[in-house]
Amino acid sequence: MSKRKSSKIKRQSSKANTSGTPVVKRTKPRFSIEREPVTSAQYPLLKKIFWGLSAVILIVTTVLALGSGINGDDEFQNDYSEKLVAYYGTFGQDTSAINIPKGDMHLYGGFFDLVTGSVNKALGYDTLDRGYHHVRHIFNAILGVLAMLFVGLTAKEIAGWRAGILALLFIFLSPRFLGHSLMNPKDIPFAAGFAIANYYIILILKNMPKPGWGAMIGLALGVALALATRAGGLLLFGYIGLFFGLDFLFKHGIKGLGEKANLIGKYALYGAGIAITGYILAILTWPWALQNPIANPLKALSAFSELGIKIRVLFEGENVMSDKTVWYYPVLWIIKTIPLYTLIGFTGSILLFRSIFKRYAPIPVLLMLFASVFPVAYIVYKDSTLHDGWRHLMFVYPSMVVLAVLFWMQLESYFKNKIGKYAIWGIVGLLMLQSAIFIVRNYEYPYVYFNPIGGGLKGAYGNYETDYWGVSTKQALEWMEKQGIIGENMQDTVIIGTSFWYPVSRLAGKYDKVQVKYTRFNNRYTEQWDYGIYPSRYIRGPHLRSKNWPNSRTVHTVEANDVPMTAIEKDTDHFAYQGELAMKSQNWLEAVEQFKKEVQAHPDNELAWQSLAGAYLNSGNFQQAIDAANESLRAAPQNETSLYYLGLAYLNTGNIQPAISAFQQSLDANDENAIVYYYLGLAYQQQQNWAEVFRNAQRAIELNARFKQAYELAATALEQQGNVQAAQQYRQAAAQL
């Protein structure tokens, strides 16, 4: 009995101090910044696996980078690189890097291009040396792996080493991210900067109010890398301000704003100091920003938010201008091109967010969610112009991967038996295997990956861009080398026509007897060439889906998962080229003869049929023009020029309604063709539909303000509608042209 009493007294005494006043039990704050602990038995092994895996990933990615082709934008990047080296090499005397109209490269930070340009100059490489591009690809790979490493470290910081290993594997086996890590010097360094910055934000906030110099320097370097790549790195300033503020509120509440002024000062001082340091480091490698360190980066940010460069893109089977894509353009691209383990995991993390938020430190989880969702939501809200899929948003992918890992680990926790857990990781393993197989099969250009939603790459073909940077032109040239068509001991000159002049000319430039000519795919026979290298990028979706490309002139096709990426055409007789020469000299009969020879040999040559229709039109053979235009459309459906010729032929034969239909279909393919609007107006004039005549004439004027005939047609329509005064204004405008 005495033992029971003394035990009870002892337990009670632990709850009181010597004065008898109750002591309040200290508990962790509601929003702990500590992750779930990792068992000590697992810790050393998992840590070794993590760093060993990182080393393997670095080696593999670097090796793959050496086999990657040159991307289509490198023409601008390499030019900027040389001008940056000249600027710093002359201590600012050479100012060519400050204003670069072609590509607006001066609006970009110069870190990547300055570093690689300096290395290449030291090694004596120029753009015709393959070593020049190897230097750039190796550095690109290093930055890509750096992004992967910090994705793993971020997951580790939130949920332990096992999560870190899983995150490393997730992002490395993401074909799009890996593929861009081999050759994309804009979006990968930018993504690396964000991945680094996000990790150090978490690390700093974990250790506040004494974050340590290493973490603060790390965050400053992450900010610097992002901003020294693209002005959008300024977004990290918002991340710092927002999450430093949230961390304070989560730990100290609203009352802390009045009670902890000194601590608020530390948060503000650390945040501002890091941001300013990163800013200064970034503009040191950015000549245009150095001219006006405050205004110019903000101007660049504004320019990028609008992305003034507009190109035609293939999306959902339609070829549209990049400034006219639907609001969900980037969202659908992300859904279709990230691996299913990430897509399911990220989506699942939203559904289970409350549980994940409670299980792990809330600030890091919130940061990952914000970093994944906000940039995409903002771009959708602003209706910003994007192209080439979602590569401009690649910096959100690292945080998406982290959330995906947290989902799978949370899902695992719901199963108490080993069978359930094994089933979860078995599913993840199978999903990872699918993307890993794609990488192995297409290791030279894994960035063309589409996940199984919609049928993978085969389902995407003809509906979405695949090799939009023409990287596979390298494999096309390698095939020509293996066949002995080009090489060191060439006897005859070989002319190569291509829509990707820069990559082909740099890779083939080491051969003196190889000439490379730029030709658009849709007028590829206006130049004479022996072999044509044409990626699918500038080929319309309906043409690709018709299966008439690669065509009968093709001697070799570069493929990914049995889907054509690039075709090599051979042209030895030059019938189509001779026909184009005859067209230029207005020798219509000769043009007809040459194009007839071409279509007899290659009936799937849509351009030969199209030009034959044009030759028939100019020679007054309208029924033959109709037949030739229809043959062209069979080879390449919805071809805007063939539809235009078809409309002209019908118009000249008095078949007005078919003419209107053909013109409207041509405008469906390209609604910015002033001449088609004009002739559509002429067709409506035959029906005396004056409202439509004026509408189409006015649209032609909007697209071409110096289109004299359109002004006159608009005036005629207005006169017929009784608006003589307005018609006179159009007549006067036409007279001044």
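Lys and Arg at +1, Asp and Glu at -1: add these up for the other residues within a Cβ distance under 9 Å of Leu107 and post the number. Please report the intermediate quantities before stating the final value.
Numbers: positive: Arg230, Lys299; negative: Asp104.
Taking every Cβ under 9 Å from that of Leu107, the sum is +1.
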Within-11-Å neighbourhood charge of Gln515 [Cβ basis; K, R +1; D, E -1]: -1
Cα-centre dipole for the chain with unit charges at Cβ (Lys and Arg positive, Asp and Glu negative), debye to 20: 6180 debye
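Could you calculate the contour length gain from Glu527 to Glu481, that is, 0.36 nm times the residue separation minus the distance between their Cα atoms, to one decimal place in nm? Spell out each step's value before the answer.
Working: separation 46, 0.36 × 46 = 16.56 nm, distance 2.29 nm.
Length gained, Glu527 through Glu481: 14.3 nm.
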Of Lys310/Lys708; Lys336/Lys421; Lys186/Lys517; Lys474/Lys510, those spanning more than 19 Å from alpha-carbon to alpha-carbon: Lys310/Lys708; Lys336/Lys421; Lys186/Lys517
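Calculate how many DSSP beta bridges within the chain are antiparallel, expressed in % of all such bridges and rounded to the nearest 5.
Values: 16 of 25 bridges.
Looking only at bridges with both residues in the chain, the antiparallel portion is about 65 percent.
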Folded to 0 to 90 degrees: helix 690-703 orientation relative to the chain principal axis, Cα: 60 degrees
Over the chain: helical MRE at 222 nm, DSSP H runs n ≥ 4 each giving -39500 (n - 2.57), nearest 500: -20000 deg cm²/dmol
Length added when fully stretched, Met490-Gln657, from 0.36 nm per residue minus Cα-Cα: 54.5 nm
Efficiency of FRET between Ala295 and Asp573 - r from beta-carbon atoms, R0 60 angstrom, step 0.05: 0.55
Anchor Lys206: aspartates and glutamates whose Cα lies under 12 Å away (excluding residues fewer than 8 positions away in-chain): Glu34, Glu157, Asp247
Label-point separation in nm, Thr90 to Ala705, each point 7 Å along Cα→Cβ: 3.6 nm
Thr347 paired with Asp562, simple spin-label distance in nm, labels 7 Å along Cα-to-beta-carbon: 2.7 nm
Added length on full extension, which subtracts the Cα-Cα distance from 0.36 nm per residue, Ala303 to Lys102: 70.9 nm
Mean-position separation - Cα centroids, the range 564-624 and the range 379-423, in angstrom: 51 Å
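Over the chain, average the accessible area per residue using a 1.4 Å probe and give it in Å², no decimals.
Details: 32020 Å² over 737 residues.
Accessible surface, normalised per residue, equals 43 Å².
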From the coordinates shown, mean projected area of the Cα convex hull in nm² corresponds to which of (1) 44.7; (2) 41.6; (3) 31.6: (1)
Sum of side-chain charges, Phe76 neighbourhood, beta-carbon under 9 Å (Lys, Arg +1; Asp, Glu -1): -4
The range 275-411 - percent of accessible surface contributed by carbon and sulfur, probe 1.4 Å: 68 percent
Tilt relative to the chain, helix 43-66 - C-alpha long axis, 0 to 90 degrees, to 10: 20 degrees
Acute angle (nearest 10 degrees) that the helix 640-652 long axis makes with the longest principal axis of the chain, alpha-carbon atoms: 30 degrees
The range 648-670-the range 438-516 distance, computed between alpha-carbon centres (Å): 38 Å
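The values are calculated or read from the model by the stated rules, or taken from the named source; none is laboratory data. In this text the structure is predicted, and so the values were computed from the model without any measurement. Neighbour counts run over all protein chains shown; Cβ positions are idealised from the backbone, glycine included. Please note that ligands, DNA and RNA were not included when accessible areas were found on the heavy atoms of the full protein model with its side chains. Shrake-Rupley method; radii C 1.70, N 1.55, O 1.52, S 1.80 Å.
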